[in-house]
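Colleague: Okay, handing you the structure first.
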Amino acid sequence: MKNDWMIHVLKDLRTFAEMNGLDDLAGKLVETLEVALPAVAGLEASDEARLTSYAGTSGNLGRASRGDH
């Protein structure tokens, strides 16, 4: 995953919060991770689908959709 760095940062922040008694912040970071994990996975799937679709068009999709011929 090319965007997994975001998940690592959130996990590091959660660990820091837990270790320093910032329980409310740690809880919010857990909630954020619950939203971020599927969102980042969706970005990866979307990127993969876009690349697969683009590869199947011999590179013409971008030009055709803009009207550049």
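The values are calculated or read from the model by the stated rules, or taken from the named source; none is laboratory data. The structure presented is a predicted model; accordingly, all values stated were derived computationally and were not measured. FYI the Cβ positions are ideal-geometry reconstructions off the backbone, even for glycines, and counts take in every protein chain you see.
Colleague: Scan region 43-60 and tell me whether some residue there is exposed (fewer than 12 other Cβ atoms within 10 Å of the Cβ), touching a His at 6+ places or on another chain (Cβ under 7 Å), of a type outside the set (Asp, Glu) and modelled with pLDDT under 95.
Modeller: Checked against the condition, which is being exposed (fewer than 12 other Cβ atoms within 10 Å of the Cβ), touching a His at 6+ places or on another chain (Cβ under 7 Å), of a type outside the set (Asp, Glu) and modelled with pLDDT under 95, region 43-60 yields no hits at all.
Colleague: Next question, about the same structure. Filter region 1-30 down to the residues that are of a type in the set (Asp, Glu) and surrounded by 10 or more Cβ atoms within 10 Å (Cβ to Cβ), then identify the one that is modelled with the lowest pLDDT.
Modeller: Checked region 1-30; the qualifying residue modelled with the lowest pLDDT is Asp4.
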